[in-house]
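This report refers to the structure that appears directly beneath it.
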Amino acid sequence: AAHQAAERLLRGRNLDAGATAALQVDWHVGTRLDASCARDFPIRSSKGDPLAAQPPTAFWAEDLSLYPRQLAVLRWLQAIEAGEVAFDERDYADAQLPAVGWHLEAKAGIEGPLRGGVLADALGAGKTVTVIALVAADVEAARRLPLSDSRTSRATLIVVTPLIIRQWEAEIARFSGGKLRTLRIESAAHLQQLTSRQLREADVVLIVSDLLGCASSGKACAFEKAAVVKASALHTQEAQKEARRAEERLEGKSVAERQALAKALDSRKDTYLEVLTEAAGIDALPPFLHRRNKNREAGGGDAETMIYGVWLSAGSRDPYGKVKGRQEDREAAAYFSYRYLSVTLPALRAKTFADSDTGVPIEYFRWRRVIIDECHEPLCMGSDDADESAMSSKRSSCAVRELLGIAHPDVASRPLLTQRGVFGLTGTPLLSSPARITELASLCAGTYVTGASNHWRTVERASGRDLFLRYHDAVPSRLYSAETVRAAQDFVRAATRRNVVEESVPSSTVLVPARLKQDSEYAALCATYPSVPLCPDADACDDAKWNRLALAAATAAERGAALKACVQRIHDAEPLAKVLVFAPTDGIEAAASAVAGLGLPTDVARPGEGQERAAELVLEFDEPPTELSVAQRKCRVLLLAYDDGAGLNLQHGCHHVILYAPLSSPPKDGERVIAAVGKEQQSIGRVRRAGQSSHVTIHRIVLEGPGGERTLDGLLHERNMDEALIKSATNTAE
């Protein structure tokens, strides 16, 4: 039993001799071993913890200082980096002798320093500034690192979602007084403008989380072809989008100029994966998150590229959990992971680059530390996340999961290497199960918690590749399940902190009714389900019907009139006010049509589209409104998807939020319910946060029946405003 526990703890991790020498094994036998435990995962605050010194003014704005709660967190982060915070990585094995009532439990453990942590401060409590202070406090030591090793960088690598990368850059400049050398990489083109020495000498390097996925499906329509083919003649949205882009670039050119430019554009390396494979000197990687039914483009489904007898657990799609989709698609995704982790990265790291070389991939370097913003997003992705929605709203989550190598146990061969640690930031940690905490611990530089081996085996089984071995796995005992929960609680206690803002931002909620017409699609859909009224029973309605009703409700045309009336009332009372609108991703087009009909300067940031422009737009939207900005017809109503709501700071330019439709999720799936509640809170938190000087009003558009009857909307709004669920989504501090 002890050997089984030790094998699970060590499997595939390639730990150094010091760690394996520290392995301790013990066992005990009893008749009534404790299998009871609480199943909540509260996060402790930093109240009463020792404080760090204020960041040095040589690298910090002289007129700015941290709050005591931020100094306490800063000291905790520094303690982790210094190896002062220990954690007992352990696993167990147990067996019973039923005839005599004896129970054996064996434990294998390695106690050592934590290699990372999670800062889960409440929305607006200043996670960003705390991380910037961590960099500033260490920059003098970092700048003393010799550059003789071409792979060692002095920079902190910060991985952020595309919409907020420019806000991060602005915040770093503000709090450091412009004294930190910061580089921003939003695309392969940005990377190719930077030399290896610049990447190693910088203090901070900001990259977009979906760098692997940017434009990764390849050219759907070549520029040369697009020069003579109109977008309307092409069948797919990808091809039409590429053709329109080509037409814009080639407009006004002569025939010869068009051909020369098209040829140059077609031959360039304009995706990150192309830059990566060229630098590594290997054949091209398959596309990241390829479209369904195009798996052969990614190397799956044929005898030449199938891999037999090896499970590739870090696959970029369906191996994340509850699976739907084609098996050959999953194999293609696993093939991408294999080529990326086991072929491309070793080849890249065997190269030597000169200081003047440009376009050196980020995986080549060993960074001072790695910071992951909105670290909860790529954890334990479910069936919807792994299917079609991964092509849009979840692309960033899938890409950052691949980039972090969360499912790869050998930290030394992960894509992002670090000298001091990996830290995650999130306002809604959603620590609702040991599975999520297992993946969060893995994200933090590969920390192992009890049950991690079983968790990854479960993921393997869910992929459908393990139909034989699944029948040979024993079901974990009640005792083992209890140890799994206790280990998760110990990790949360040691490796996470959550603090709240002392001063609360006043806010109120207004329900805005939207009355359905008699012939509405939603009412017609309810009529096709005799057992489903306008407001379905959450316990009786199956998931498929629930999801169809939720989509019909989210896209109901009647919401448009309610939105227009709501915005009009806001501007009647506050003529200069800006309005932020959030909608579900699958209802974004319906919401965009409604916003376009307002007759005001508006903008829409669609998930995964025009990311650089959207980042600039968000930065501008945070500027306080003035009579001049209204006269210049600058954006007054901005529409975002809930999926893009995390991490934005918009409290300076706006204090009105309209939720166009509530976020839905199957009512029987507790984790996804909590995730939906957390995502709404994240979105509201864009304006209800520290620094907001006005009263915040949340306007919730609520769909009603033709006679004012309650619909699915009423149930969802009530659920998403439930204080207990909000507390579960945020793991409120003790």
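The values are calculated or read from the model by the stated rules, or taken from the named source; none is laboratory data. On a predicted model such as this, the values are computed, not experimentally measured, just so you know. Ideal geometry is used to build each Cβ from the backbone, glycine not excepted, and the neighbour counts take in all protein chains shown. For the accessible areas, the whole protein counts, side chains as well, though only heavy atoms, and no ligand, DNA or RNA atoms are used. Shrake-Rupley method; radii C 1.70, N 1.55, O 1.52, S 1.80 Å.
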Checklist entry - Given the pairs Lys517/Lys679; Lys545/Lys668; Lys679/Lys727; Lys564/Lys679; Lys634/Lys679; Lys127/Lys679, which span a C-alpha to C-alpha distance of over 22 angstrom in this model? => result Lys517/Lys679; Lys564/Lys679; Lys634/Lys679
Checklist outcome for this item: Computed over region 617-715, protein heavy atoms only, probe 1.4 angstrom, the accessible area per residue in square angstrom equals 31 Å²
Item to check | Order by protection proxy (mean Cβ within 10 Å, highest first), peptides 145-157, 641-653 | outcome: 641-653, 145-157
Checklist entry - With Cβ to Cβ distances under 9 Å as the rule, what net charge do the other residues near Val73 carry (K, R +1; D, E -1)? => result +2
Checklist entry - In region 474-627, what percent of the accessible surface is made up of carbon and sulfur (1.4 Å probe, ligands and nucleic acids excluded)? => result 54 percent
Item to check | Amide N proximity, region 8-29 versus Ala95 label position 7 Å along Cα-to-Cβ, cut-off under 17 Å | outcome: 8, 26-29
Item to check | Stretch gain in nm, segment Tyr67-Arg366, where the contour uses 0.36 nm per residue and the Cα spacing is subtracted | outcome: 104.5 nm
Item to check | Largest to smallest principal axis extent of the C-alpha atoms in region 600-734, angstrom | outcome: 48, 45, 32
Next on the checklist: Ranking request for peptides 596-607, 18-29, 667-678: highest mean number of other beta-carbon atoms within 10 Å first, then the rest in descending order.
Outcome noted: 667-678, 596-607, 18-29
Checklist entry - Expressed in nm to one decimal, what extension gain is obtained for the pair Ala354 and Glu620 from 0.36 nm per residue of sequence separation less their Cα-Cα distance? => result 91.9 nm
Checklist outcome for this item: Pseudo-spin-label distance Ala596 to Glu723, built 7 Å along Cα→Cβ, given in nm, is 4.3 nm
Next on the checklist: What's the ranking of 563-575, 199-211 by average number of surrounding C-beta atoms within 10 Å, highest first?
Outcome noted: 199-211, 563-575
Checklist outcome for this item: In nanometres, the difference between 0.36 nm per residue of separation and the alpha-carbon distance of Ser694 and Leu628 is 21.7 nm
Item to check | Separation between Cα centres of region 341-361 and region 491-513, rounded to whole Å | outcome: 43 Å
